[in-house]
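Notes follow the structure.
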Amino acid sequence: QAQPVESGGGSVQTGGSLRLSCPASGYTNGYHCLGWFRQAPGKEREGVATIDTRGHTSYADSVKGRFTISKDSGTNILHLQMNSLKSEDTGMYYCANDSSGGYCYFRNFAYMNPWGQGTQVTVSS
């Protein structure tokens, strides 16, 4: 059973903002690659953004310049700040980690197992 982990979703108008959060303390020892993916009903999973141990980030082209991924070093909470939201951003958002040790890249997160049940983001046109 997936536990409630992701939070911060909601319903907003086009152009609005949301900030998603996910505790990541269990995944921040040594090397780590953390990120977010999303899925809309009837659609394939889509990796959204990643951040690695060094703070390097990657973003899907569809969200680049609008979304920012970050991790708070004190609380080990993973965040996704989403600005200028569009209707195509609608979906369930999940946080996850890539334990493969490979390249920390957003596309890989379409294949990761989420930590929690996800948080719903709905953007109206």
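Brief remarks follow.
- A Cβ distance below 7 Å, combined with a sequence gap of six or more or placement on separate chains, defines the contacts here; from the stretch 105-118, residues that are without any contact (Cβ under 8 Å) to a residue 24 or more places away in the chain reach residues that are not hydroxyl-bearing (Ser, Thr, Tyr) in the pairs Asn113/Ala96.
- Scanning the stretch 23-67 for residues that are closer than 10 Å to Asn97 by Cα, part of a strand (DSSP E or B) and touching a residue at least 60 places away in the same chain (Cβ under 8 Å) yields a count of 4.
- Residue ID - farthest from Trp36 (Cα to Cα), chosen from residues in the stretch 88-107 that are polar (S, T, N, Q) and open to solvent by less than 50 Å² (accessible area, probe 1.4 Å): Thr90
- In the set Thr68, Thr90, Thr57, only one residue is touching a Leu at 6+ places or on another chain (Cβ under 8 Å), polar (S, T, N, Q) and at pLDDT 95 or above; that residue is Thr68.
- The conditions of being within 16 Å of Phe67 (Cβ to Cβ), crowded, with 19+ Cβ neighbours inside 10 Å and at pLDDT 95 or above are not met by Arg19.
- Some residue of the stretch 72-89 being over 20 Å from Arg19 (Cβ atoms), more than 11 Å from the chain's Cα centre (by Cα) and of a type outside the set (S, T, N, Q): no
- The residues of the stretch 28-75 that are crowded, with 18+ Cβ neighbours inside 10 Å and among the acidic types (Asp, Glu), listed by number, are Glu46, Asp52.
- The conditions of being more than 16 Å from Leu80 (Cβ to Cβ) and either among the hydroxyl-bearing types (Ser, Thr, Tyr) or in contact with a Leu (Cβ under 9 Å, 6 or more places away or on another chain) (or both) are met by Ser25.
- Gly116 being closer than 19 Å to Cys33 by Cα, open to solvent by less than 10 Å² (accessible area, probe 1.4 Å) and in contact with a helix residue (DSSP H, G or I) (Cβ under 8 Å, 6 or more places away or on another chain): no
- Pick from the stretch 76-98, criterion out of contact with any helix residue (DSSP H, G or I) (no Cβ under 8 Å at 6 or more places or on another chain) and of a type in the set (S, T, N, Q), ranking: nearest to Gly26 (Cα to Cα): Gln81
- Flag for Met112 being in contact with a strand residue (DSSP E or B) (Cβ under 6 Å, 6 or more places away or on another chain) and at pLDDT below 95: yes
The values are calculated or read from the model by the stated rules, or taken from the named source; none is laboratory data. Worth saying up front: this structure is predicted, and the values here are computed from it rather than measured. Don't worry about glycine lacking a Cβ; one is built from the backbone with ideal geometry, like all the others, and counts go over all protein chains shown. Ligands, DNA and RNA are stripped out before the accessible areas are found, and what is left, the full protein with its side chains, is counted by its heavy atoms. Shrake-Rupley method; radii C 1.70, N 1.55, O 1.52, S 1.80 Å.
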